[in-house]
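**Student:** Next up is a structure, given as structure tokens.
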Amino acid sequence: MKRKQLWFICMLFVAIGLLVGCTGENKDETGETEEVNEDNRTLTIALGTDMVSFDVHNHNNTSTEAIHINMFNYLVKRNNDTGEMEPDLAESYENIDDLTWEFKLKDGVTFHNGDALTSADVKYSLERAATDTTLLDHANYRQIKEVEIIDDTTFRIHTHEPDPALLNRISRIGSSILPANYIEENGFDHFLANPIGTGPFEFVEWVRDDRIVLTAFEDYFNGKNEEWDEIVYRIIPENSTRVSELLTAGVDMAVNIPPSDWVRVNENEGTYLAQGISNRTLMIFLRSTEGYPTEDKRVREALDLAIDNQAIVDNILGGAGTPSITRVGPGDVGHAANLYDTYNYDPERAKELLAEAGFKDGFEMTLHSPRGRYLQDAEIAEMVAGMLAAIGVTMHIEFMEWSNYLELRNAGENKDAYLLGLGNSMFDAANALDYYRYDRFIGQLDYQNDEVEELLVAAEQNMDVEERNEQYIKIQKLLAEDVAHLVLHQESINIGVVDRIDYTPTMDEMIYIESITRK
Amino acid sequence: MNYIVRRMLQIIPVLLIISFIVFTLVFIAGDPVALMLPDDATLEEIEQLRESIGLNEPFYVQYGSYVFRVVQGDFGESFRYGQDALSVVWERLPATFELAIAAIIIAIMVAIPFGIWSATKQNSSIDLIATGAAVVGKAMPNFWLGIMLILFFSVTLGVLPVSGRGSFAHLILPAITLGTGIAAEMTRLIRSSMLEILNQDYIRTAKSKGIKSVQVIYKHAFRNALIPFVTITALQTSTLIGGALITETVFAWPGIGQLLIQAVNTRDMAIVQACVMIIAAIVILMNLLADIIYRILDPRIKLD
Amino acid sequence: MGEQSKTIIDADSQAYMRKRNGTFKRWSKLLLRSKTGTVGLLIVLFIVFVAVFAPLLAPYNPNAINPSSLHVPPSWMEGGSTAHLLGTDNLGRDILSRIIYGSQVSLLVGIAAVLLSGIIGVSIGLISGFYGGFLDNILMRFVDSFLAIPTILFSLVFLAVFGPSIMTLIVVLGLTNWTSYARLVRGEVLSIKERDFVRAARSIGVKNNKIITRHLMPNVISTFIVISTLSVASTIILESSLSFLGLGIQPPTVSWGTVLSDGRDYLATSWWLATFPGIAITITVLGIIFLGDWLRDVLDPRTK
């Protein structure tokens, strides 16, 4: 019996050993080897969060779009350097009247399965977003009434009302042109599992929470990408792990490098930090609801004056970031330049204002904040709390998981304030300033300014570009005077890159593989 | 054999209770509709969706139909993956198993020599150091250890890859991270069960008869100490999977731990439920296995 | 007659208890004889002292932000200053003060959770062991169920549903850890139940709840004390793991877990942020385990 016992135990260990050995060996064959090689034509990019979905219409996640743009194309694309709209899938376009736009598609564009791109694909894609109210990005497309097919490569977009921002509207998150035939034949679920587009890279695999692999598309209409054969996006949620991967050249690029590691990345042999300014603005939204202290304009102004935006940028963001009073940044249509790169700070005046408003001894409030979603968001929230403490306001912070945070706000259960960083994929003030429309946040923010409301309606359908700009600038001035919400700063983009490649971030936070080159 | 049958039958109520606990938690979490619809969805749309997924039924009806479906192996569809939740969980299990088994092997390799060593030299300075090291190993949070290992072995020395699953080298750091806590626990347990056996009469007799102490230790004491050890190893399953949650996040290891954390964060409740049920079932099976092995190894206990 | 026999039974029961638990004099003698026991007790007393007098001991407000002195290293390092003995963190907060204040919450959560799980576990163990039969069967299946779900996994789901706060943290840790008490107490009760004084008390018709509170409860207390000491240690460790997952204590409240997990991004650049809270946890756990081991030696009748 005793000999049997030992025998049994030995076998157990051998079995376990074999099991592990096998799994290890198997992986060796299929797994990637991370050799640093100048000729390596595989580009590995480390992301902090996984892609949401291949349903381009059913997310509003910038980092997901940053992957999609390499697989799909929009009709027109904003040039990040000039800010001008340029044709992409479209060869030309024309504004026929206030409600109608005519487009002509380029010849010879094919999807990854070889199907030619036609007007029917455009009709399917845009109308899906415009008509299906359950899609998360529907709100940005509901202005489109229909897409009328003229011939295979010509079509017209009809809008319900005059839409001066139409071109911006169709060059953002949900604007990818999807393969109508392919989806019709195989179903949308099949498309989600095996997505195809017209872009420079085609889909290989998506292992959730681990990696997304793309490969160069032979018949890309602008010519096959010559720099890269394969793109691997790796999902590495932990900041320090992502930075370590970059420092050891385990990946070629790593997004969201925390400021504390900038020096390391730059001083490390073989890596550098590619920095750029984003059009994402960090804000603290305040409740103007009756009964909340922030209902009083003087209180809101006091909070604004208590926050030293530059100190946040300098101390927490390593100097990268621009203090601002408006959410409409440079590069956006309707940007009010005099409200950018400036801020109000006067703690003494803040205390006076609080006293005037009847809060001589301060008050307590609660801020909801996500953690790890924006650059140093948790640190910023805690820093702001510290600054408000100096004028006697006690701010409690509730850090929340993103989905809980969304739910709370949607249910209108948010307390005094919440921290939010908003990008502007439309690059148009219309998108940014819609946040001040009373109807949009009833029960959640309740900010109401009649003059702003009127101007918003007027500007939204104003086809006179100059006048429309003036209207948006006026709105921003009114909002600044009224301190509707607290604008902190415009964020920076911080991507760590290995020396063998050249990369410059663009303001839209996209990572265009075509702009990445080997040195 | 009666005993084993009885133990197996006991699994049924246990799984039922677990399903009830998990279902209740998810039920309290509220409906996922808010996350499935856009910001400006009308009340009508919300109501429609609630109705269509059966969220308007009373609790017991929902629970009943849940159990009914789970029995058939249907854990519902994950809204994030657009796939059957069970198959998503299934795909992730090998990665976690690989990590867990590697961690156990490392823990065993450390715990057996150190456990025996400190037991044979009870209250010596070696014993004290081993005990201290075990405590430090237990007290060190997984994530801290993981990050430090990466900084040292990957960034400073450059000898091991940082993260991800792939070659054998990728497995080493996460396995050490996960194995350390287990090793600490095992060392303590081996030490105490060795002590117990070393103090027993027959060992003392053997010693007094002049058998060399090394022989005594290996031939008699260790063999008997192995019996509780096998059980202990199986009982660590729960701790292992718990630790994997954190280790997998640090090392971007695509296992069930990361899956569960993502599912909880995105409120993908089908996945959450499937994960918890599957993990619980694995833990239960391992415990049952330990029980059976224990009975096979220890001739004093009869199976019936 | 009735009174008299009750007195005899009481005396018997107390004698048994004394035999098991010993007297204070014996305790202190044993304590001083055990080096590790003394060290453990001193560490625990010190930590409790720090927690109780935190406001007097801490040099700064733990949340006072100071933008002009970020990442100041500990005083003995280059660039450090005696104003901040253990340096400052990424927001210029004094780390020593944060650790001193953090001890309050870490101990509070540890002790409260253990008390809660103790109350649940001991009651269920008593009832289950005393009444036996079907009730015992059901309760033990509950124990099996909770044992099958890894603590951290249950906490993750629970805290995601109810939101993280000191209260929910205590509740969830209490809800997950009671099983070990229930099992051991049940075992104890099963053996004590057969003792003469319990049989006698039953035979003269003493009510069940009286037997439980008068004769059984005092006798299982020692078991409770031993496990609960060790549980406090594992609870403190668990709290830091939950902080890592973003489900720990929320600011402005400070715990060791939050300080440690907040500092993890700075391990490569400002190591002191995460290292000192880690050391605080390790020392505390070490002290508690030494104390717990000693208590077991003293209280466990088998080791006498």
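The values are calculated or read from the model by the stated rules, or taken from the named source; none is laboratory data. All figures in this text were calculated on a predicted structure; none of them were measured in a lab. Using ideal geometry, Cβ is built from the backbone for each residue, glycine included, and neighbour counts are taken over all protein chains shown.
**Student:** Kindly state which helices (runs of 4 or more DSSP H) lie completely within the stretch C:10-97 and contain at least 2 residues that are at pLDDT below 85.
**Tutor:** Ranges flagged: C:24-33, C:35-52.
**Student:** Would you please name the residue that is farthest from the other protein chains (Cβ to nearest Cβ), looking only at residues in the stretch C:249-263 that are buried (at least 22 other Cβ atoms within 10 Å of the Cβ) and not β-branched (Val, Ile, Thr)?
**Tutor:** Taking the candidates together, the pick is C:255.
**Student:** In addition: In the stretch C:176-207, what residues are among the aliphatic types (A, V, I, L, M), surrounded by fewer than 19 Cβ atoms within 10 Å (Cβ to Cβ) and out of contact with any Gly (no Cβ under 8 Å at 6 or more places or on another chain)?
**Tutor:** Result: C:200, C:206.
**Student:** While we're here: Among the residues of the stretch B:191-199, are any buried (at least 20 other Cβ atoms within 10 Å of the Cβ), charged (D, E, K, R), at pLDDT 80 or above and within 19 Å of the chain's Cα centre (by Cα)?
**Tutor:** Looking through the stretch B:191-199, none of the residues is buried (at least 20 other Cβ atoms within 10 Å of the Cβ), charged (D, E, K, R), at pLDDT 80 or above and within 19 Å of the chain's Cα centre (by Cα).
**Student:** A further question follows. So which residues in the stretch A:438-493 are among the hydroxyl-bearing types (Ser, Thr, Tyr) and buried (at least 20 other Cβ atoms within 10 Å of the Cβ)?
**Tutor:** If the condition is that a residue be among the hydroxyl-bearing types (Ser, Thr, Tyr) and buried (at least 20 other Cβ atoms within 10 Å of the Cβ), then A:447, A:472, A:492 are the ones that fit.
**Student:** Give the residue that is farthest from residue B:256 (Cα to Cα), with candidates limited to residues of the stretch B:80-96 that are at the interface with chain A (Cβ under 10 Å from one of its Cβ atoms) and in contact with a helix residue (DSSP H, G or I) (Cβ under 8 Å, 6 or more places away or on another chain). Give the derivation first.
**Tutor:** Initially, the stretch B:80-96 is screened for residues at the interface with chain A (Cβ under 10 Å from one of its Cβ atoms), giving B:80-83, B:88, B:91-92, B:94-95.
From the residues that got through so far, the ones that are in contact with a helix residue (DSSP H, G or I) (Cβ under 8 Å, 6 or more places away or on another chain) too are B:80-82, B:88, B:92, B:94-95.
Details: B:80: 15, B:81: 14, B:82: 17, B:88: 9, B:92: 5, B:94: 9, B:95: 8 Å.
Out of the qualifying residues, it is B:82.
**Student:** From the list A:348, A:379, pick out the single residue that is assigned by TED's automatic domain parsing to the domain that holds residue A:426, outside any loop (DSSP other than H, G, I, E, B), out of contact with any Pro (no Cβ under 6 Å at 6 or more places or on another chain) and free of Cβ contacts under 8 Å to residues at least 60 places away in the same chain.
**Tutor:** On inspection, the qualifying residue turns out to be A:348.
**Student:** Next up: Answer with yes or no whether residue C:179 is in contact with a Phe, Trp or Tyr (Cβ under 9 Å, 6 or more places away or on another chain), over 22 Å from residue B:28 (Cα atoms) and within 14 Å of chain B (Cβ to nearest Cβ).
**Tutor:** yes
**Student:** Of all residues in the stretch B:138-160, which are facing chain A (nearest Cβ under 7 Å), touching a residue at least 12 places away in the same chain (Cβ under 8 Å) and either more than 28 Å from residue C:284 (Cβ to Cβ) or among the aromatic types (Phe, Trp, Tyr) (or both)?
**Tutor:** The answer is B:154, and nothing else.
**Student:** Further question on the same structure: Given the options A:443, A:386, A:372, name the one that is within 12 Å of chain C (Cβ to nearest Cβ), in a loop (DSSP other than H, G, I, E, B) and not basic (Lys, Arg).
**Tutor:** When all the criteria are applied, what remains is A:372.
**Student:** On to the next question. Restricted to the stretch C:59-84, and to residues that are without any contact (Cβ under 8 Å) to a residue 60 or more places away in the chain and facing chain A (nearest Cβ under 8 Å), which residue is farthest from residue A:316 (Cα to Cα)?
**Tutor:** C:64
**Student:** Determine if the stretch B:236-255 includes at least one residue that is crowded, with 21+ Cβ neighbours inside 10 Å, over 20 Å from residue C:247 (Cα atoms) and either of a type in the set (Phe, Trp, Tyr) or at pLDDT below 70 (or both).
**Tutor:** Checked against the condition, which is being crowded, with 21+ Cβ neighbours inside 10 Å, over 20 Å from residue C:247 (Cα atoms) and either of a type in the set (Phe, Trp, Tyr) or at pLDDT below 70 (or both), the stretch B:236-255 yields at least one hit.
**Student:** In the stretch B:161-190, how many are more than 8 Å from chain A (Cβ to nearest Cβ), among the hydrophobic types (A, V, I, L, M, F, W, C) and either farther than 20 Å from residue B:96 by Cα or buried (at least 23 other Cβ atoms within 10 Å of the Cβ) (or both)?
**Tutor:** Counting residues in the stretch B:161-190 that are more than 8 Å from chain A (Cβ to nearest Cβ), among the hydrophobic types (A, V, I, L, M, F, W, C) and either farther than 20 Å from residue B:96 by Cα or buried (at least 23 other Cβ atoms within 10 Å of the Cβ) (or both) gives 9.
**Student:** Same structure, new question: Residue by residue through the stretch C:131-174, note down the ones that are of a type in the set (Gly, Ala, Ser) and either farther than 21 Å from residue B:247 by Cβ or surrounded by fewer than 23 Cβ atoms within 10 Å (Cβ to Cβ) (or both).
**Tutor:** The initial filter retains those residues of the stretch C:131-174 that are of a type in the set (Gly, Ala, Ser), namely C:132-133, C:145, C:148, C:155, C:160, C:163, C:165, C:174.
Correct list: C:132, C:133, C:145, C:163, C:165, C:174.
**Student:** Looking for something among the small types (Gly, Ala, Ser), within 23 Å of the chain's Cα centre (by Cα) and within 28 Å of residue C:49 (Cβ to Cβ) - is there at least one such residue anywhere in the stretch C:132-152?
**Tutor:** No; the residues of the stretch C:132-152 include none that is among the small types (Gly, Ala, Ser), within 23 Å of the chain's Cα centre (by Cα) and within 28 Å of residue C:49 (Cβ to Cβ).
**Student:** If I ask for residues that are farther than 15 Å from residue A:126 by Cα and in contact (Cβ under 8 Å) with a residue 60 or more places away in the chain, which ones from the stretch A:194-207 would you list?
**Tutor:** Within the stretch A:194-207, A:195, A:196, A:198, A:199, A:200, A:201, A:202, A:203, A:206 qualify.
**Student:** Still on this structure, please answer the following. Could you figure out which of (1) small (Gly, Ala, Ser); (2) out of contact with any Lys or Arg (no Cβ under 9 Å at 6 or more places or on another chain); (3) touching a residue at least 40 places away in the same chain (Cβ under 8 Å); (4) more than 13 Å from chain C (Cβ to nearest Cβ) isn't true of residue A:411?
**Tutor:** Only one criterion in (1) small (Gly, Ala, Ser); (2) out of contact with any Lys or Arg (no Cβ under 9 Å at 6 or more places or on another chain); (3) touching a residue at least 40 places away in the same chain (Cβ under 8 Å); (4) more than 13 Å from chain C (Cβ to nearest Cβ) is unmet by residue A:411, namely (3).
**Student:** In addition: Can you find even one residue in the stretch A:153-169 that is over 25 Å from the mean Cα position of the chain (by Cα), touching a residue at least 24 places away in the same chain (Cβ under 8 Å) and closer than 18 Å to residue A:111 by Cβ?
**Tutor:** yes
**Student:** Can you tell me which residues in the stretch A:140-162 are surrounded by fewer than 24 Cβ atoms within 10 Å (Cβ to Cβ) and outside any strand (DSSP E or B)?
**Tutor:** A:141, A:142, A:143, A:152, A:153, A:160, A:161, A:162
Residues checked against (1) more than 15 Å from residue C:256 (Cα to Cα); (2) touching a residue at least 40 places away in the same chain (Cβ under 8 Å):
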{"site": "C:87", "(1), (2)": "yes, yes"}
{"site": "C:97", "(1), (2)": "no, no"}
{"site": "C:106", "(1), (2)": "no, yes"}
{"site": "C:109", "(1), (2)": "no, yes"}
{"site": "C:126", "(1), (2)": "yes, yes"}
{"site": "C:148", "(1), (2)": "yes, no"}
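**Student:** With the stretch A:210-306 as the region, which helices (runs of 4 or more DSSP H) entirely inside it contain at least 2 residues that are within 14 Å of chain B (Cβ to nearest Cβ) and over 30 Å from residue A:362 (Cβ atoms)? Give the steps one after another, and end with the answer.
**Tutor:** Numbers: elements: A:239-247, A:262-267, A:297-306.
Result: A:239-247, A:262-267.
**Student:** Residues in the stretch A:195-203: is at least one surrounded by fewer than 22 Cβ atoms within 10 Å (Cβ to Cβ), aromatic (Phe, Trp, Tyr) and within 22 Å of the chain's Cα centre (by Cα)?
**Tutor:** yes
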